[in-house]
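Written below as structure tokens is the structure these notes are about.
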Amino acid sequence: MSVLDNFRDWKEFLGDRVEQAKQAGMESDTLQNVAYQIGGYLSEQVDPKNDQERLLKQLWDAGDQQQQQALASLMVKLVQNPENINRGS
């Protein structure tokens, strides 16, 4: 099973990567830029595996660059709070 099959697993995976980047000294702006680049890659190259990922892709595709950067920033903030990782599917 891929981490993309279950949104909770995806959030946990992303949260772990964000925490590793912070511990390695990555600046917040750099982290958000990386999240934006990953979001673009996922939108273009990966088929959504569940309803949550499908919604994120639709939001990403509907937004302009500034809105996509905001969405990426929000995803980083979402997974920085462990309570948010365990909520929902």
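Values quoted throughout were computed directly from the atomic coordinates according to the rules given, and no laboratory measurement underlies them. Just so it is clear, the structure is predicted and the values come from calculations on it, not from any experiment. When we count neighbours, we look across all protein chains shown, and the Cβ atoms used for this are built from the backbone with ideal geometry, even at glycine.
Is any residue of the range 17-44 close enough, with backbone N under 13 Å, to a label point placed 7 angstrom from the Cα of Q65 along the Cα-Cβ axis, and if so, which? Label zone hits: 37.
Pairs of C-alpha atoms in the chain farther apart than 19 Å represent 36 percent of all such pairs. Compared with the alpha-carbon gap, the fully stretched path from N33 to Q80 is longer by 15.3 nm at 0.36 nm per residue. Label zone (F13, point 7 Å along Cα-to-C-beta; backbone nitrogen cut-off 16 Å) within the range 56-81: 56-57, 76, 79.
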